Amino acid sequence: MPEAKETVLEINLGNLAHNYRFLRSKIDKDVKFLSVVKAHAYGSDSVVIARKLEELGTDYFAVAYVEEGIRLRENGITKPILVLHPQFTHFEEIIEHCLEPNLYSEKILCSFIATAEKLKQKNYPVHIKLNTGLNRLGFDQPEIKTVKELIKNTPTVKVASIFSHLAASEDWQERDFTVGQIDLFRKMTWELIEDLEYEPLLHICNTSGVLNYPKAAFSMVRTGIGLYGYGNDRNIDPELKPVGTLKTIISQIRKLNKGATVGYNRVFKVEKPTKVATLPLGHADGINRIYGKQKAGVFVNGKYAPIVGNVCMDIIMIDVTDIDCEEGDEVVVFGGPQQHPVDFAKAGGTISYELITGVQRRVTRKVIPE
């Protein structure tokens with residue numbers, strides 16, 4: 001790949017295709033595949049990612065909020081789009097842009113039905129979220145009867161899918177809890193659909209669910225983090241390829257003598273002659289202060305260089321004393337074979353989800369085609 005000339009997030013569509021095909025291989029051919037592209041496709045670029053996934057054959061997309069779905073529609077995405085956390089104020093926009101809302105409480109279900117009636121809709125596709133133990137959004141089991149009555153008594157909506165979310169599908173120590181969630185989902189679902197004249201799609205498996213509980217795939221699976229190269233399992237991660245690689249360059253190199261200090265609050269004190277390089281990215285770009293003070297590092301010409309001092313808003317400093325490098329050289333922050341994002345995140349005491357979704361929009365995106 002060409003060397004970076006500025007701070008850039010490389011989006012590798014070949015890696016995305018690899019991950020999609022790997023996850024697809026874990027489910028039966030007749031099981032549908034929903035690709036989660038919320039939060040700018042986990043910090044990359046939702047339009048670029050969605051176009052590639054549509055080309056690869058995904059059946060559905062999911063976003064968190066309405067504006068994310070509108071952006072996809074305005075950029076030519078045609079597959080169904082589930083909005084996971086719709087707000088009341090956006091219901092008319094949902095219908096205008098042919099988006100499909102997740103309805104998770106009596107209030108939001110009644111409100112959307114009212115909006116659909118006002119706009120003279122018939123059989124508008126909606127999704128019903130069931131709470132099986134994660135305790136975020138969703139109907140509890142005693143509310144199923146009410147849901148059935150509301151859906152039965154209106155021609156305006158049609159249930160496209162019923163779904164729930166696993167709380168700890170990556171943790172084998174929580175296997176009993178996960179199996180209990182799956183069993184409860186099955187029970188609640190059949191109670192809900194027994195009087196319907198059609199069969200909605202059913203889905204509870206996230207990425208770890210696909211990998212660890214493939215028999216619970218039902219008629220659709222819903223994957224997010226796995227598409228971007230993370231399996232939440234050290235045994236699975238080698239099978240996947242991180243889609244994003246964050247790179248930058250060396251802006252300046254400074255030689256410091258013993259006794260000098262580096263950065264705000266002078267937290268890094270030079271104990272011997274040291275060569276320090278500055279890089280044009282900081283906590284405003286997603287490399288938070290937790291990575292400073294030598295907790296994490298980057299790679300310069302294949303060699304590890306720890307981050308020294310506090311991370312600044314737009315700059316970080318690294319120790320390159322023992323590295324042959326010069327101003328303008330490429331630096332790999334995370335991604336690629338040198339530093340797995342999971343390892344970088346762990347060094348800062350966090351997880352890959354937070355790291356990759358935190359790469360800010362002012363960082364240039366560069367697409368590497370398949």
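By definition, a body whose alpha carbon gyration tensor gives a ≥ b ≥ c is oblate when a/c is 1.5 or more and a/b is not larger than b/c, and the stretch 1-77 fits this oblate description.
Three principal axis extents describe the C-alpha atoms of the stretch 251-370; from largest down they are 47, 27, 24 Å. Sparsely packed loop sites in the stretch 305-346 (the GluC sites (Glu not before Pro) outside DSSP H, G, I, E and B with at most 11 other Cβ atoms within 10 Å) comprise Glu326, Glu327. Net charge within 12 Å of Leu196 by Cβ-Cβ distance, Lys/Arg positive one each and Asp/Glu negative one each, not counting Leu196 itself? Counting the neighbours of Leu196, the net charge comes to -2. For a straight C-alpha distance cut-off of 22 angstrom, the lysines reachable from Lys346 (same-chain residues fewer than eight places away being disregarded) are Lys241, Lys247, Lys293, Lys295, Lys303.
Under a 5 Å amide H cut-off, with hydrogens placed 1.01 Å from N, Phe139 pairs with Lys129, Leu130, Asn131 among residues at least 5 apart or on other chains.
The heavy atoms of Glu149 present about 90 square angstrom of accessible area, all protein chains included, probe 1.4 Å. With r as the distance between the Cβ atoms of Leu196 and Lys303 and R0 = 56 Å, compute the FRET efficiency 1/(1 + (r/R0)^6) and round to 0.05. Using R0 = 56 Å, I get an efficiency of 0.35.
Apolar share of the accessible surface for the stretch 50-115: 49 percent from carbon plus sulfur atoms, 1.4 Å probe. For the stretch 131-139, the Karplus equation 6.51 cos²θ - 1.76 cosθ + 1.60, evaluated at θ = phi - 60°, returns couplings of 8, 10, x, 6, 6, 10, 10, x, 6 Hz by residue, with Gly and Pro reported as x. Calculated [222 nm] ellipticity per residue, helices only, for the chain: -8000 deg cm²/dmol; basis is -39500 (n - 2.57) per DSSP H run with n ≥ 4, divided by all residues, nearest 500.
Between Ile249 and Thr7, Val331, the built amide H atoms are under 5 Å apart, and every one of these is 5 or more places off in sequence or on another chain.
For the chain, the average shadow cast by the Cα convex hull is 19.9 nm², which is a quarter of the hull's surface. In this Cβ point-charge picture (+1 for Lys and Arg, -1 for Asp and Glu), the stretch 8-82 has a dipole of about 200 debye about its Cα centre. Here's how it looks for Leu166: its modeled amide H is under 5 Å from those of Asn206, which are all 5 or more places away or on a different chain.
Let me make sure I get this right: for the stretch 302-370, a, b and c are the square roots of the gyration tensor eigenvalues over alpha carbons, sorted descending. Under 1.5 in a/c it's rounded, otherwise prolate if a/b > b/c, else oblate. Which is it? Note, shape of the stretch 302-370 comes out rounded. When we measure straight from the Cα of Lys145, which lysines land under 24 angstrom away, once same-chain ones fewer than 8 places off are left out? Output for Lys145: Lys107, Lys122, Lys129, Lys158, Lys187.
Seen through its C-alpha gyration tensor, with square-root eigenvalues sorted a ≥ b ≥ c, the stretch 143-268 comes out prolate because a/c lies at 1.5 or above while a/b is bigger than b/c.
A DSSP coil position with no more than 11 other Cβ atoms inside 10 Å describes the following GluC sites (Glu not before Pro) in the stretch 192-250: Glu194, Glu197.
The values are calculated or read from the model by the stated rules, or taken from the named source; none is laboratory data. No experiment lies behind these values; they were computed from the predicted model shown. Note: ideal-geometry Cβ built from the backbone for every residue, glycine included; neighbour counts use all protein chains shown. Please note that ligands, DNA and RNA were not included when accessible areas were found on the heavy atoms of the full protein model with its side chains. Shrake-Rupley method; radii C 1.70, N 1.55, O 1.52, S 1.80 Å.
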